[in-house]
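For reference, the structure discussed in these notes is given below.
The values are calculated or read from the model by the stated rules, or taken from the named source; none is laboratory data. These numbers were taken from a predicted model, which means no experiment stands behind them. Positions of Cβ are backbone-derived with ideal geometry, glycine not excepted, and every protein chain shown enters the neighbour counts.
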Amino acid sequence: MHPSQRAAPPMKISIADARSDAKSLARLFQDNISAAYISHSELQGPRAVRAGEWVTDVEDVFFHEIAERLKEPRERFPAGQDWKGIVEAHDGGMLVGLAFVTLSHDAAVPYGIIEDIVVDNSRRGGGLGEQIMRWIFAQMEAAGIRRQFLESGIGNESAHHLFERLGFRMISVVMMRET
């Protein structure tokens, strides 16, 4: 086989670590979200100024958030300990998705949070988001996590449909008041 005819590497979903490119992860995040993505956690932190408006340096904010989660290489989510990490998805060697994940074992019922999941716009609707989510579920279950949470911007309806199809249901309503 001629070198130019080699098959591209298959889809790979893994835990991002200190060898991962935080800048590329931050750029993928920034380039593939809209104002509809903003939910209460973006408003409670440094990401968004108000509902529907990101801070001007949001890619830098993402970079710092991602960089602090990139640790030593690991093959699986840790069992029995709290953890914050990043999941990255590559297809054919190209970065196509990422997720922020938190595990909390120090609770009455241990739980995991899928804080963010972002898929390259050109890949949406093709099952990549579901594939990443199912990989995360398997990792959480292997780590002893049976309860998963996520939040989503109120206008992010296409994501809501995916989450509902995967078994998530609404359990609360978050409201905000500004003066």
Quick check on this structure: which one of Arg69, Arg74 is outside any strand (DSSP E or B) and under 16 Å from the mean Cα position of the chain (by Cα)? Arg69
Collect the residues in region 27-43 that are part of a helix (DSSP H, G or I), polar (S, T, N, Q) and touching a Lys or Arg at 6+ places or on another chain (Cβ under 9 Å), keeping them in residue-number order. Ser41
Considering only residues of region 125-136 that are closer than 20 Å to Arg27 by Cβ and aliphatic (A, V, I, L, M), which is surrounded by the most Cβ atoms within 10 Å (Cβ to Cβ)? Ile132
Within region 97-112, of all residues that are buried (at least 22 other Cβ atoms within 10 Å of the Cβ) and either small (Gly, Ala, Ser) or touching a residue at least 40 places away in the same chain (Cβ under 8 Å) (or both), the one farthest from Ile38 (Cα to Cα) is Leu103
Counted residues, region 158-178 - those being over 15 Å from Glu130 (Cα atoms) and free of Cβ contacts under 8 Å to residues at least 24 places away in the same chain: 7
Check on Asp57, under 23 Å from Ser34 (Cβ atoms) and touching a strand residue (DSSP E or B) at 6+ places or on another chain (Cβ under 6 Å): no
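Residue-wise test of (1) at pLDDT 95 or above; (2) among the aliphatic types (A, V, I, L, M).
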residue: Ala89; (1), (2): yes, yes
residue: Val96; (1), (2): yes, yes
residue: Val109; (1), (2): yes, yes
residue: Gln148; (1), (2): yes, no
residue: Thr179; (1), (2): no, no
I need the strands (runs of 3 or more DSSP E) fully contained in region 85-159, keeping only those with at least 3 residues that are closer than 25 Å to Val174 by Cα and among the aliphatic types (A, V, I, L, M). 94-104, 111-119
Do we find that Phe168 is modelled with pLDDT of 95 or more, buried (at least 18 other Cβ atoms within 10 Å of the Cβ) and under 23 Å from His40 (Cβ atoms) in this structure? no
Out of everything in region 46-57 that is part of a loop (DSSP other than H, G, I, E, B) and touching a residue at least 12 places away in the same chain (Cβ under 8 Å), what residue ends up being nearest to Ile114 (Cα to Cα)? Arg47
Does any residue in region 113-124 that is closer than 10 Å to Phe29 by Cα and free of Cβ contacts under 8 Å to residues at least 60 places away in the same chain come within less than 7 Å, Cβ to Cβ, of a residue that is of a type outside the set (Asp, Glu) and crowded, with 17+ Cβ neighbours inside 10 Å six or more places away or on a different chain, and which pairs are these? Ile117/Ala99; Ile117/Gly129; Ile117/Ile132; Ile117/Met133
Considering each of Ala36, Ala18, Ala51, Ala7 in turn, give the residue that is surrounded by fewer than 14 Cβ atoms within 10 Å (Cβ to Cβ), at pLDDT below 95 and farther than 21 Å from Glu141 by Cβ. Ala7
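Condition check ((1) of a type outside the set (Val, Ile, Thr); (2) within 21 Å of Ile33 (Cα to Cα); (3) touching a Pro at 6+ places or on another chain (Cβ under 7 Å)) across all residues:
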{"residue": "Arg123", "(1), (2), (3)": "yes, yes, no"}
{"residue": "Ile132", "(1), (2), (3)": "no, yes, no"}
{"residue": "Ile145", "(1), (2), (3)": "no, no, yes"}
{"residue": "Phe149", "(1), (2), (3)": "yes, yes, no"}
{"residue": "Leu162", "(1), (2), (3)": "yes, yes, no"}
{"residue": "Met176", "(1), (2), (3)": "yes, no, no"}
{"residue": "Thr179", "(1), (2), (3)": "no, no, no"}
